[in-house]
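**Q** Provided herewith is a single structure, encoded as structure tokens, for subsequent inquiry.
The values are calculated or read from the model by the stated rules, or taken from the named source; none is laboratory data. Since the structure is predicted, the reported quantities are computational estimates derived from the model, not experimental observations. For neighbour counting, all protein chains shown are included, and Cβ atoms are generated from backbone atoms with ideal geometry for every residue, glycine included.
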Amino acid sequence: MSLIVVLYAALGFVAGVIVNLLADYLPARRYHLLAKANPFGSQSIVPPIPPFLPRRADGSGSRWPIPQWSGLVAALSGAAVFEPRRRMRHVLAEVGLALAFALIAAQYGTERSLPFLLFYAAVFALVIIIDVEYRWILFETIWPAALVALAEAAFMPRVSLDNAVQGGLYGFAILFGLYLLGLVFARAMSAVTGRRVGRTVLGFGDVLMATLSGLILGWQGLGPALFIMVITGAVAALLFIANKLIRARRYRMYSAIPYGPYIVIGTAVMLYLPWLGGEMVWRFLSRL
């Protein structure tokens, strides 16, 4: 069993490398497409289509050797493969997914749904990284995972297909309603204060992530997941405000806070530790 867990840890490390490459490529590709589609911008300032695999910045454009596609290997070898501000993220994602895959394999190694559970962990990591760094939850990260969740529900039902579809619809409806309320709130604050509020409470990417959460968990698991999302998001927002007040002595109203990670946290808790998630929600509600 220990050897199998080690093998899954190695698989998680490879998944971390792939997640990091996607987290670098997909936002850069979106920047390219947005700049290219901008009718008011000169085509001369459109950034080039980014390469998916890391290439040397010495003008040759040659690819780095395969081992150095890993942030950890690149750091240990002293190779400047990735941007300085992304290097630590590369290492943490690779090590974190290696540990996550090992723990998931140790807990669910005999379950038929194990490949799906590992896949979702990689998707969750990708969503969190991009949302924290760019404030985006990209459609390209959601639709493949949604198809996988539907395939799991259809052929290896950890959650029945009807349950999964209901969960996806509920997740979309609930977060889309909150998204619309955020737009109304932004318009109202703009009218009251005379200042444009460019950011809403939730972005449409959060709606997509909640839809995926419902597809993965089913409608019965979605409720506790969203409850955990609200609690962890509120705590994080308070800590963010307190940190701004302590460090900068001021806080700018309506500062954007990525909410995707808290949807992921709620989903992950109910997916991998449902007994813990249910207990957390029950204890909190019992104290109200």
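**Q** Can you confirm whether Ala15 is assigned to a helix (DSSP H, G or I), buried (at least 17 other Cβ atoms within 10 Å of the Cβ), at pLDDT 90 or above and among the small types (Gly, Ala, Ser)?
**A** Here the answer is yes, as Ala15 does meet what is asked.
**Q** Now a separate question. For Val19, all conditions in the list (1) free of Cβ contacts under 8 Å to residues at least 40 places away in the same chain; (2) under 19 Å from Leu138 (Cβ atoms) hold save one; what is the number of the exception?
**A** (1)
**Q** Scan Asn20, Asn38 and give me the residue that is at pLDDT 90 or above and either surrounded by 12 or more Cβ atoms within 10 Å (Cβ to Cβ) or at negative phi (or both).
**A** Going through Asn20, Asn38 in turn, the sole match is Asn20.
**Q** Quick one: would you say Phe101 is surrounded by 12 or more Cβ atoms within 10 Å (Cβ to Cβ) and free of Cβ contacts under 8 Å to residues at least 40 places away in the same chain?
**A** Working: surrounded by 12 or more Cβ atoms within 10 Å (Cβ to Cβ): yes; free of Cβ contacts under 8 Å to residues at least 40 places away in the same chain: no.
Considered against the rule, which asks whether it is surrounded by 12 or more Cβ atoms within 10 Å (Cβ to Cβ) and free of Cβ contacts under 8 Å to residues at least 40 places away in the same chain, Phe101 comes out as no.
**Q** Taking the conditions exactly as written (assigned to a helix (DSSP H, G or I) and either of a type outside the set (Phe, Trp, Tyr) or without any contact (Cβ under 8 Å) to a residue 24 or more places away in the chain (or both)), does Gly61 satisfy them or not?
**A** No: the conditions fail for Gly61.
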